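**Student:** Take this structure, written in structure tokens, and hold onto it; I'll ask about it next.
The values are calculated or read from the model by the stated rules, or taken from the named source; none is laboratory data. Since this is a predicted model, take the numbers as computed values, not measurements. As a convention, Cβ positions derive from the backbone with ideal geometry for all residues, glycine included, and neighbour counts pool all protein chains shown. Accessible surface is based on the protein model in full, side chains and every heavy atom, while ligands, DNA and RNA are left aside. Shrake-Rupley method; radii C 1.70, N 1.55, O 1.52, S 1.80 Å.
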Amino acid sequence: MAKPIVGIIMGSASDWDTMRESHKILEEFGVAHEYRVLSAHRAPAAVTEYATKAGKRGLKIIIGAAGGAAHLAGVLAAQTLLPVLGVPIESQALKGMDSLLSTVQMPAGIPVGTLAIGKAGAKNAALLAVAILALSDAALRDKLQLYRETQTKSVLAVKLEG
Ligand code: RP5
């Protein structure tokens, strides 16, 4: 098994249905990755340990996903120099607006690259991770190019019935 270069971290097992979309994209592109639950509020010391050791373990990008008071991506970003991509989980109470605002509104100096709420954000976080990695990986760049071309073809092939 290749050493993971992307870490998908989520605040709860209940986030997995959303974050599986990130996992599926990274699988499709053959990017070695890991995924686990770590909560900024329920397990803060474990988040610190993960963030502070991630770079030394060979990770290049972290995807942090949480819902509600979604501080996980920000807390990860505060404790690593690796790029952190944030996915706001669609919460039941506020449909993810709470998650979006608490993920995206970082203080200047500690960036989190925040994606859309829910599954679109999870998928795009992985695609953005692939694009970042593709800057220094020509084979991955070719795969991304093919992915885009295939996507365009499938959009243009749509036949609507009247
Ligand atoms: C957040 O609280 C998690 O990221 C999850 O989206 C939300 C609810 O968690 P559970 O109560 O389902 O464990 O920390």
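**Student:** Tell me, what is the Rg over Rh of the chain, with Rh the Kirkwood radius over Cα pairs?
**Tutor:** 1.00
**Student:** Here is a further query. Of all accessible surface on the chain at a 1.4 Å probe, what whole percent is carbon and sulfur?
**Tutor:** 58 percent
**Student:** Evaluate the relative contact order of the chain (contact order divided by residue number), counting alpha-carbon pairs under 8 angstrom at least 6 apart; express in whole percent. It would help to have the intermediate numbers written out before the result.
**Tutor:** Numbers: 301 pairs, mean separation 34.6, N = 162.
Reported relative contact order: 21 percent.
**Student:** Still on this structure, I have one more. Which peptide among 65-72, 154-161 comes first, and what is the full order, when sorted by highest mean count of other Cβ atoms within 10 Å? Can you show the working numbers first?
**Tutor:** Working: 65-72: 24.6, 154-161: 6.0.
Ranking the peptides 65-72, 154-161 by packing returns 65-72, 154-161.
**Student:** Around Thr114, which amide H atoms from residues at least 5 apart in sequence, or from another chain, sit under 5 Å from its own amide H, with H modelled in the peptide plane?
**Tutor:** Excluding prolines and chain starts, which carry no amide H, the hits are Gly86.
**Student:** Please build a GNM for the chain, connecting alpha carbons under 10 Å apart, and tell me which residue among Gly58, Gly11, Gly118 fluctuates the most.
**Tutor:** Gly58
**Student:** For the chain, what is the accessible area per residue in Å² when the probe is 1.4 Å?
**Tutor:** In whole numbers, the chain has 56 Å² accessible per residue.
**Student:** Once you've got the Cα coordinates, tell me which of Lys95/Lys123; Lys60/Lys119; Lys24/Lys56; Lys119/Lys143 are over 20 Å apart.
**Tutor:** Those over the limit are Lys60/Lys119; Lys24/Lys56; Lys119/Lys143.
**Student:** For n ≥ 4 DSSP H runs only, could you compute -39500 (n - 2.57) per run for the chain, divide by its residues and tell me the 222 nm figure to the nearest 500?
**Tutor:** Computed ellipticity for the chain at 222 nm equals -14500 deg cm²/dmol.
**Student:** On to the next question. Using modelled backbone amide H atoms (1.01 Å from N, in-plane), which distant-in-sequence or interchain residues come within less than 5 Å of Ser91's amide H?
**Tutor:** Here the answer is Gly68, Gly96, Met97, Ser99, since their amide H atoms fall under 5 Å of that of Ser91.
**Student:** Which whole-angstrom value gives the distance between the alpha carbon centres of region 95-151 and region 26-74?
**Tutor:** If we compute the Cα centre of each part, the gap is 14 Å.
**Student:** With θ taken as phi - 60° and the coefficients 6.51, -1.76 and 1.60, list the Karplus ³J(HN,Hα) couplings across region 121-135 in order, rounded to whole Hz; mark glycine and proline as x.
**Tutor:** With the stated coefficients, region 121-135 comes to x, 5, 5, 5, 4, 5, 5, 5, 4, 4, 4, 5, 5, 5, 4 Hz.
**Student:** Ranked by accessible surface with a 1.4 Å probe, highest first, in what order do Leu101, Leu135, Leu76 come? Intermediate results must be reported in sequence, preceding the final value.
**Tutor:** On the way: Leu101 95, Leu135 155, Leu76 0 Å².
So the residues, ranked largest to smallest area, are Leu135, Leu101, Leu76.
**Student:** Using label points projected 7 Å from each Cα along Cα→Cβ, tell me how many nm separate Val155 and Trp16, to one decimal.
**Tutor:** 3.3 nm
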